[in-house]
Amino acid sequence: DWVRAEQARLAPPLSPADKARLAKQAKDRICERIALFAPRLGSRLPARVTIREQKMRWGSCSRKGNLNFNWKLIRAPQEALDYVVVHELAHIRHHDHSPAFYAEVAKVVPDYRVRMKLLK
């Protein structure tokens, strides 16, 4: 459709080498932020951190405590990246989006609702 064609014209596709470079940068930054925020949440460190290219998600947390993040977060504002990291770390303790989950997120990112909007 026209919108996708226009977006492709404005932002040409990245080469596989560029994607790999950005994924490495994303993993390095995300792991730094995990090390910063996990103690603030009283959360254990994730069992594993994986960087992927996902079409519909910025991140996810498995029942085993593995965290997955979209490499495209490296292109997001730092506030948005930090929100996603805290959000996924909070899922290690709360595997839902309950009030208790968001209370956990708000301990570290009180303006999480504003940061969520940065990801739209």
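Summary of values
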| quantity | calculated |
| --- | --- |
| Within segment 3-30, tally of residues that are out of contact with any strand residue (DSSP E or B) (no Cβ under 7 Å at 6 or more places or on another chain), in a helix (DSSP H, G or I), open to solvent by 50 Å² or more (accessible area, probe 1.4 Å) and at pLDDT 70 or above | 10 |
| Selection within segment 36-67 - part of a strand (DSSP E or B) and either more than 19 Å from E104 (Cβ to Cβ) or in contact with a Cys (Cβ under 7 Å, 6 or more places away or on another chain) (or both) | R48, V49, T50, I51, R52, L67 |
| Every pair of residues 6+ apart whose Cβ atoms lie under 6 Å, when the first sits in segment 12-25 and is within 12 Å of I74 (Cα to Cα) while the second is open to solvent by less than 80 Å² (accessible area, probe 1.4 Å) and assigned to a helix (DSSP H, G or I) | L22/W71; L22/I74; A23/W71; Q25/I74 |
| Every residue from segment 89-111 that is in contact (Cβ under 8 Å) with a residue 40 or more places away in the chain, out of contact with any helix residue (DSSP H, G or I) (no Cβ under 7 Å at 6 or more places or on another chain) and of a type outside the set (A, V, I, L, M, F, W, C) | none |
| Among residues of segment 93-106, those that are assigned to a helix (DSSP H, G or I) and at pLDDT 95 or above, counted | 8 |
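The values are calculated or read from the model by the stated rules, or taken from the named source; none is laboratory data. Only a predicted model underlies this, so the values are computations on that prediction, with no experimental measurement involved. Glycine gets a Cβ as well: all are built from the backbone with ideal geometry, and neighbour counts include every protein chain shown. With ligands, DNA and RNA removed, areas are computed over all heavy atoms of the protein, side chains included. Shrake-Rupley method; radii C 1.70, N 1.55, O 1.52, S 1.80 Å.
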